[in-house]
Amino acid sequence: MSTHAPAHEDAHEAHHGHSHGHEASHGSFKSYVTGFVLSVILTAIPFWLVMGEVVENKAVTAGLVMVFAVAQIIVHMIYFLHMNTKSEGGWTVMALIFTIVLIVIALSGSLWVMHHLNTNMMTMTPDMMRNVP
C-alpha cells in the first residue's frame, strides 16, 4: 500500500498543476491589495504633478513622472508577477534584467520621440486657429 500512495500523489499534482518543489509564492489577498493600493498611489501622484502643474520646470516634472513609472513597474513585478531572486532557479533574475533593458529603451525612446515631435511641431497662428474645425 505504501508504493501506491506516491503514485497517487504524483497523479494528483499532475492533475492540479501544483508542484511543491518550487519556492515561488502565488501571493495572498493582502499582497494583491497592497500592490493595488501602491499602484493607485503611484498613478495618482504623477497625475497630480502634471495636472496641478506643481513643479514649474517641465523637465523636472517629466523626470518625476519617469521615477514613478519605474516604481510602479517594480511594484507590479513584485506584487503581481511574484518575481524574486529565489524562484524558478534564478530565471526571474534574467527576466528582471531583460525588463530593465526594455524599460530603459521604452522610456528613453518615448522621451526622444515626444521631444522631437514637440520641437518639430508646426506652430499655430491665430489665422490658422480660426480655420480649425
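Among the residues of segment 56-69, is there at least one that is outside any helix (DSSP H, G or I) and over 13 Å from the mean Cα position of the chain (by Cα)? Yes, because at least one residue in segment 56-69 is outside any helix (DSSP H, G or I) and over 13 Å from the mean Cα position of the chain (by Cα).
Residues that are within 30 Å of residue 28 (Cα to Cα), polar (S, T, N, Q), in a helix (DSSP H, G or I) and touching a residue at least 60 places away in the same chain (Cβ under 8 Å) do occur in segment 72-88, at least one of them. Looking only at segment 33-50, residues that are within 16 Å of residue 63 (Cα to Cα) and among the polar types (S, T, N, Q) come to 1 in all.
Looking across segment 102-133, the residues that are surrounded by fewer than 10 Cβ atoms within 10 Å (Cβ to Cβ), of a type in the set (A, V, I, L, M) and in a helix (DSSP H, G or I) come down to 117, 129. The one condition from (1) of a type outside the set (Asp, Glu); (2) exposed (fewer than 11 other Cβ atoms within 10 Å of the Cβ); (3) part of a helix (DSSP H, G or I) that residue 92 does not meet is (2).
Quick one: in segment 70-85, of everything that is modelled with pLDDT under 85 and either farther than 25 Å from residue 37 by Cα or of a type in the set (S, T, N, Q) (or both), which residue is surrounded by the most Cβ atoms within 10 Å (Cβ to Cβ)? Ranking the qualifying residues of segment 70-85, first place goes to 84.
The values are calculated or read from the model by the stated rules, or taken from the named source; none is laboratory data. What you see is a predicted model, and the numbers here were worked out from it, not measured in a lab. Cβ: placed from backbone, ideal geometry, glycine included. Neighbour counts: every protein chain shown.
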